[in-house]
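Working notes, structure below.
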Amino acid sequence: MARAAHLRNGGVSVVVDVSGPTLAGIAHWGADLGDLDQAALLAVLDASAPAAIGQGPDLPVRLALLPEHRTGWIGRPGLEGSRADGSAWVPRFVLGEVEQTDDNGTQRLTLHAAAPREGLALVTVLELTPQGLLRANHTLHNTGETAFSLQRLAVALPVPVRAEVVHDMTGRWARERSPQQRPFGVGTWLREARGGRTGPESPTVLSAATPDLGFRRGEAWGIHLGWSGNSAWWADRTATGDQLLSAGELLQAGELDIAPGDSYTSPWLFGSWSNTGLDGVSARIHEWLRARPHHPSPTARPRPVTLNVWEAVYFDHDLDRLTALAAVAKEVGVERFVLDDGWFRHRRDDTAGLGDWYVDEHVWPQGLHPLVDVVRSLGIEFGLWFEPEMINLDSDLARAHPEWMLGASSGLPADQRHQQVLDLGQQAVWDYLLERIDSTLTEYDIGYIKWDHNRQLVAASTVGGRAGIHRQTVALYALLDELRRRHPGVEIESCSSGGCRVDLGILEHTDRVWTSDCNDALERQSIQRWTGVLLPPELMGAHVGPTRSHTTDRTHDLSFRGATALFGHFGIEWDISSITAGERAELTEWVVLYQRLRHLLHTGATVRGDSPDPAYWIHGVVSQDATSAVYAFVRMATSVTSQIGTLVLPGLDPTASYRVQAITPGGPLTHRHAGERVALGWLRNDFVVTGQVLGTVGLQAPAQQPEHAIILEVTRV
């Protein structure tokens, strides 16, 4: 058997030590090492072999994809669990068969190991996609005669010591994905999500990086866990100098027993290496997402302009008002009309009705048909809001089936938003939800579901009192898949208190995420900027909200709100039936601009500049062939100086010439100087310059007021 395996794809090399007898470990994950024969691969192993140290093993062992304490690793182990009598808690895995295959360009390594004395077997799959994205998971098989209680099974990816900082994200409701950075010190940087969903506090992408990390600079190794339930992520560095990134499902006490003959597979861990900063980390993930067969195709079905009525009407559902709103929506170019919360029985506010998924006969005596018919007659797709996983105690369903709630047998947890949680792991509950949603989609011409999830799952016990988050998450995925099978044309949005379930696990079963409940354009600039490290624009719902934000009470011009929503899956969440004629005309311009640019926005590479002044941001999308691009100059706040100089436009071909045009709806742009309005030189319509100049010298930043943005279109000539 070869002692080393080499996965090489997309400008990335992964060299794996499979010399055994201990579990396989990665000797190199990063820059492409070229075409290496076995002798050269062995040289890589020798060059990176761990050194013997005092107080360490006499024969040091390379850190494995499943770190084991028995080999001398003193950080968090990759596997924790035991049998009922406490045995098998330190299995002695021996590496066996190693298979290397190619599946349509994806390089795959399948590693088999066994611990026969403990009655366990392990299969590790390591993939390197054509985009250079690394994926890995473990499957633990119970080959023994009694159940094995599992507490943790996680993949670990080593990172070199030059990765001196740890970068990740945190957040809260309406301010998701806020970046944070710290030194990669000795010890464990542990992040946990225990709310039964990905959570606003999720790291999203946990990176180890060189100290010069930026969007366009620095070397970074980023990981993401494709899982929508409880999770744990960590950056671990021991006093020996070994360091790794790891993540896995967070299993609660007694939650998962593997029966004899059964197995458990950990969620996919994604790894993205880049020597061009966070934009490079993003690029591999975005390209992989876009290569999926079920990814929304901007060519076959461009992402429709979506109007959600929530911030227009809230619970005040009235046919005349909603049909008038639909008429204005048609006028401004809306292509999808979504009826949000409040359409089903007993739902006049958020204290009652969840679970009673029947159209409210008092509000809608003819059902939803009159509204659906009007919307469809306008040539607009109709969408509908559901929150299937939740239940109000004040509902017919709760009164009829109190045993259907998580925690019913051991004591319900505290209400959140007047809600409890339905136990999707009970077949009767799963069947009820499938029947109700399926029947609604069958009766009405519905093309879109906004699938919401508005509370944390705490003390979420199944019948018998056992922890139930794992079972709940698996059942959710199965429910979504069955609905998609029955209604293949229906798109599903993942919404969870806004952006609280944003991960690549849920996006295997849905078509976009609601990025945040906050439509304040200033907050959204940051939320979308950092969500974009993981997701391309077409998967991020981004809507033009009202002039005054209902989450922050802040006001913004339509130009700033439009410029912010443009760089996502564009939509509107505003009572546009009550706006002025001028606002309606300008909103129509933004819709037309989005429709013209959406193919570029939803196929091009996301780029973000590293501005010398945090008050100025620049970001954009560049076509894959670098023939066209669209950027936003964003003034986030005031600056210490009156001018900051030039801002470079990243991602262009330095050898090509480009025409630069300001295309922000709302009139010509000028530069304030000496009390007069004088146009900047580059704002001339005939301004042409090379990509080298734009990417090196840049453009003089306009003296915008805070919380304003300018849209630039750049076209190769």
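Regarding region 184-198, can at least one residue be identified that is polar (S, T, N, Q), buried (at least 24 other Cβ atoms within 10 Å of the Cβ) and in contact (Cβ under 8 Å) with a residue 12 or more places away in the chain? Checked region 184-198: at least one residue is polar (S, T, N, Q), buried (at least 24 other Cβ atoms within 10 Å of the Cβ) and in contact (Cβ under 8 Å) with a residue 12 or more places away in the chain. The condition of being part of a loop (DSSP other than H, G, I, E, B) and out of contact with any Ser or Thr (no Cβ under 8 Å at 6 or more places or on another chain) holds for only one of Thr655, Thr638, that being Thr638.
Would region 351-359 turn up any residue that is out of contact with any helix residue (DSSP H, G or I) (no Cβ under 9 Å at 6 or more places or on another chain) and at pLDDT 95 or above?
yes
Quick one: is Ser207 open to solvent by less than 10 Å² (accessible area, probe 1.4 Å), under 30 Å from Gly651 (Cα atoms) and of a type in the set (Gly, Ala, Ser)? It is true that Ser207 is open to solvent by less than 10 Å² (accessible area, probe 1.4 Å), under 30 Å from Gly651 (Cα atoms) and of a type in the set (Gly, Ala, Ser). Within region 679-693, residues that are within 19 Å of Ile710 (Cα to Cα) and touching a residue at least 12 places away in the same chain (Cβ under 8 Å) sit with their Cβ atoms under 7 Å from residues that are open to solvent by 40 Å² or more (accessible area, probe 1.4 Å) and basic (Lys, Arg), at 6+ positions apart or across chains, in these pairs: Phe687/Arg659; Val688/Arg659.
Counting only strands (runs of 3 or more DSSP E) that sit completely within region 74-177, those holding 1 or more residues that are among the charged types (D, E, K, R) correspond to 79-83, 94-103, 106-115, 120-128, 134-142, 148-153, 165-172. Considering Phe633, Phe567, the condition of being open to solvent by less than 20 Å² (accessible area, probe 1.4 Å) and over 30 Å from Arg292 (Cα atoms) is satisfied by Phe633 alone.
Scanning region 555-606 for residues that are within 22 Å of Trp173 (Cα to Cα) and without any contact (Cβ under 8 Å) to a residue 40 or more places away in the chain yields one hit, Thr555. Return a yes/no flag: does region 159-173 have any residue that is of a type in the set (Phe, Trp, Tyr), within 20 Å of the chain's Cα centre (by Cα) and open to solvent by 40 Å² or more (accessible area, probe 1.4 Å). Within region 159-173, one or more residues are of a type in the set (Phe, Trp, Tyr), within 20 Å of the chain's Cα centre (by Cα) and open to solvent by 40 Å² or more (accessible area, probe 1.4 Å).
So for region 610-628 (the condition being surrounded by fewer than 16 Cβ atoms within 10 Å (Cβ to Cβ), more than 26 Å from the chain's Cα centre (by Cα) and not aliphatic (A, V, I, L, M)), does at least one residue qualify? Within region 610-628 (the criterion being surrounded by fewer than 16 Cβ atoms within 10 Å (Cβ to Cβ), more than 26 Å from the chain's Cα centre (by Cα) and not aliphatic (A, V, I, L, M)), the answer is yes, since at least one residue qualifies. Taken as a whole, region 459-466 holds no residue that is without any contact (Cβ under 8 Å) to a residue 12 or more places away in the chain and of a type in the set (Ser, Thr, Tyr).
Being in contact (Cβ under 8 Å) with a residue 12 or more places away in the chain and open to solvent by 10 Å² or more (accessible area, probe 1.4 Å) is the filter here; which residues of region 295-310 pass it?
Pro296, Pro298, Thr299, Pro302, Pro304, Trp310
For region 449-503, residues that are open to solvent by 30 Å² or more (accessible area, probe 1.4 Å), assigned to a helix (DSSP H, G or I) and of a type in the set (Gly, Ala, Ser) total 1.
The values are calculated or read from the model by the stated rules, or taken from the named source; none is laboratory data. Please read these numbers as outputs of a predicted model, since none were measured by experiment. Please note: Cβ atoms are built from the backbone with ideal geometry, for glycine as well, and neighbour counts cover all protein chains shown. With ligands, DNA and RNA removed, areas are computed over all heavy atoms of the protein, side chains included. Shrake-Rupley method; radii C 1.70, N 1.55, O 1.52, S 1.80 Å.
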